[in-house]
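Here the structure is laid out as structure tokens; the discussion comes afterwards.
The values are calculated or read from the model by the stated rules, or taken from the named source; none is laboratory data. Everything numeric here is computed off the predicted structure, so don't read it as measured data. When we count neighbours, we look across all protein chains shown, and the Cβ atoms used for this are built from the backbone with ideal geometry, even at glycine. Quick note on the areas: whole protein, heavy atoms, side chains included, nothing else; ligands and nucleic acids left out. Shrake-Rupley method; radii C 1.70, N 1.55, O 1.52, S 1.80 Å.
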Amino acid sequence: MTKTIRRASSRRTAVLFARVSANEKPQVEPMGPRLRCVEALAQAAELSGGRVLRRQGDAVMALFASADAAAAAATRMHAYVEAGGAQASELRVRIGLQSGPLTQDGHEVLGDTVDLALEFSRLAENGQIVTSAETAASLNPGVQAVVRPLPPTAGAGGVSLREVAWRGAASKILGAQKDATALKPTAIRLAYRDKVLVRRREWDVVTIGRDADLDFVISQQTVSRRHCDVVRREGRFLLRDHSTNGTFVMVEGEGELHVHVGELVLAKSGWIAPGLSGDVTEDVVRYWCE
């Protein structure tokens, strides 16, 4: 019998559910208006730094590093549909989002955060972004200015509801996700548990994996023996993945990316999670470009 391993994380992650609604049943042909709309919503999530976990015939689920990134994605989704991008006037989108801890069960994520985001998407009306008062309080102050309370409803389970009133505030919501352009870093600081390393010189390498002789040793089954490394090349710090399961990299304010047998330029600050998403594991190497 195969034992299912569940991994919980105390790190807060934003979950977004977007539902496409129409007056007719979902299209079955692959290029139907509804499916084209779902694909566009997934692209909006990825453009906002999200990781799309599910694409269904009438819904998208995505994870984000912050509630601001999720709100930006939701705004892009609604703007696309209301601008006529769905090419079908009867299509509308209802969005719920919630920020909080998650648990991983295989390839799925579970927990109250997921359940609330799903329920908020059911409670939302066409063109709405619904979240909780707790998640709304974590938004950028400029975005909080366009949040308004919603009346209590039985389906919310006693949770105070808020709406992100995106119409007329799209530039403010999208701008909250962006940081000022950073100067090219001269050093990178990496930390895992009690060990901290700083690298400045060209071609300096920091190694990560299961092997005991590496710089950062992470003894998990999902981590390869020589999983990945960080190197400075031509003035940039690169994450290079050599593993079986890939490396998940979170860049502050931009969300998490999956790198598999490839390279990624590290910027700002964030974390490097070998083998599993940093949303669902505590075994992450944190980094700061300085």
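Averaged over its residues, the chain has an accessible area of 48 Å² per residue, based on protein heavy atoms and a 1.4 Å probe. Distance between the pseudo-spin-label points of ARG233 and HIS258 (7 Å out from Cα toward the beta carbon): 2.3 nm. So what's the gap between the Cα centers of region 98-172 and region 201-246, to the nearest angstrom? Answer, in whole Å: 37. Which one, (i) 60, 52, 40; (ii) 62, 37, 35; (iii) 102, 40, 35, gives Cα extents along the principal axes in Å as derived from the coordinates shown? Step by step, Cα extents along the principal axes in Å for this structure corresponds to label (i).
Summing +1 for each Lys or Arg and -1 for each Asp or Glu among the other residues whose beta-carbon sits under 10 angstrom from that of GLY96 gives +2. Could you let me know the centre-to-centre spacing of region 39-65 and region 260-290, using Cα atoms, in angstrom? Rounded to whole Å, the Cα centres lie 20 Å apart. A simple count of charges around ARG240, restricted to other residues whose Cβ falls under 9 Å of its Cβ and scoring Lys, Arg +1 and Asp, Glu -1, yields -3. Each other residue within a Cβ distance under 12 Å of LEU257 adds +1 if Lys or Arg and -1 if Asp or Glu, for a net charge of -4. What the Cβ-Cβ distance of ALA133 and ARG54 gives, at R0 = 25 Å and to the nearest 0.05, is a FRET efficiency of 0.45. For region 123-173, the set of GluC sites (Glu not before Pro) satisfying both a DSSP loop assignment and a count of at most 15 other C-beta atoms within 10 Å is given as GLU125. Note on ARG193 and ALA212: the extension gain reaches 5.3 nm, defined as 0.36 nm multiplied by sequence separation minus the Cα-Cα distance.
Calculate what fraction, in whole %, of the accessible area of the chain sits on carbon and sulfur atoms when a 1.4 Å probe is rolled over the protein chains. Carbon with sulfur: 50 percent of the solvent-accessible area.
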